[in-house]
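Colleague: Could you have a look at this structure, given as structure tokens, before my questions?
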Amino acid sequence: MKIFFTASQRGKKQFGNTYKKIQSVIAKSGYTVLEDDIFSEEPEDLYRALESGDHKKQTEFYNKKIETLQKADLCIFEASTHSLSIGFVIQKALEFNKPTIVLYLTDYKPLFFSGVDNDKLILQEYDEKNFEKQLGSAIQDALHLREKRFNFFISPGLLSYLEHTSKKEGVTKSTFIRNLLLAHRKKFS
């Protein structure tokens with residue numbers, strides 16, 4: 001299983017050792033940690049390059065992040081450091097319908113995500129003593145949230161409508177159908 005793991009570059013000085021421990025636990029559990037810049041680049045170098053105004057570098061950074069997210073079976077974020085960038089990437093993971101674990105140290109709860117109502121989001125508090133157990137538990141919960149493929153046949157007219165409407169809404173056909181099902185479940189549950 002492929003896991004996307006990242007955290008705030010700005011939090012690397014304060015929580016860098018914790019980031020490494022989390023990545024190590026993920027790898028020791030037999031999962032593949034997809035490449036990310038959290039360990040390969042120093043925060044100062046990354047931000048200097050992104051803030052230089054080099055649109056090509058900014059676009060490459062964004063596209064690489066999104067591409068890596070899409071390859072993942074599930075996503076894990078360490079969010080003890082408040083970061084709009086990490087928040088954005090978490091939101092993208094949820095839009096891609098990925099099981100998403102947001103880890104945070106006790107006393108560093110990401111309050112904004114406490115208000116998110118999404119079945120794929122797991123907020124997991126931990127401390128230095130229990131993080132391995134908490135992370136393992138959260139991964140097991142996330143495994144149960146993974147997508148299951150469901151194929152069905154529809155008439156050409158419905159397919160045409162689905163393609164037109166999903167394009168108009170700016171979502172995939174699968175996301176459009178999923179949203180219809182979720183709205184129906186919410187209405188009748």
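Colleague: Wholly within region 42-153, which strands (runs of 3 or more DSSP E) include no fewer than the required count, namely at least 3 residues that are in contact (Cβ under 8 Å) with a residue 40 or more places away in the chain and out of contact with any Gly (no Cβ under 7 Å at 6 or more places or on another chain)?
Modeller: Passing ranges, in order: 74-78, 100-105.
Colleague: Is region 95-112 home to any residue that is within 14 Å of the chain's Cα centre (by Cα), of a type in the set (D, E, K, R) and closer than 19 Å to Ala142 by Cα?
Modeller: Checked region 95-112: at least one residue is within 14 Å of the chain's Cα centre (by Cα), of a type in the set (D, E, K, R) and closer than 19 Å to Ala142 by Cα.
Colleague: Take the conditions surrounded by 11 or more Cβ atoms within 10 Å (Cβ to Cβ) and either small (Gly, Ala, Ser) or outside any loop (DSSP other than H, G, I, E, B) (or both) and apply them to Leu158. Does it pass?
Modeller: No: the conditions fail for Leu158.
Colleague: Which residue out of Asn118, Asn130, Asn179 is under 13 Å from the mean Cα position of the chain (by Cα) and polar (S, T, N, Q)?
Modeller: None of the other options fit; the residue is Asn118.
Colleague: Collect the residues in region 98-138 that are surrounded by 15 or more Cβ atoms within 10 Å (Cβ to Cβ), of a type in the set (Val, Ile, Thr) and in contact with a strand residue (DSSP E or B) (Cβ under 7 Å, 6 or more places away or on another chain), keeping them in residue-number order.
Modeller: Of everything in region 98-138, those that are surrounded by 15 or more Cβ atoms within 10 Å (Cβ to Cβ), of a type in the set (Val, Ile, Thr) and in contact with a strand residue (DSSP E or B) (Cβ under 7 Å, 6 or more places away or on another chain) turn out to be Thr100, Ile101, Val102, Ile122.
Colleague: I'd like to know if region 170-187 contains one or more residues that are assigned to a loop (DSSP other than H, G, I, E, B) and hydrophobic (A, V, I, L, M, F, W, C).
Modeller: Yes, region 170-187 contains at least one residue that is assigned to a loop (DSSP other than H, G, I, E, B) and hydrophobic (A, V, I, L, M, F, W, C).
Taken together, the values in this text are just the output of simple stated rules run on the coordinates, not laboratory data. A quick note: this is a predicted structure, and the numbers were derived from the prediction, not measured. No Cβ is skipped: glycine too gets one built from the backbone with ideal geometry, and neighbour counts run over all protein chains shown.
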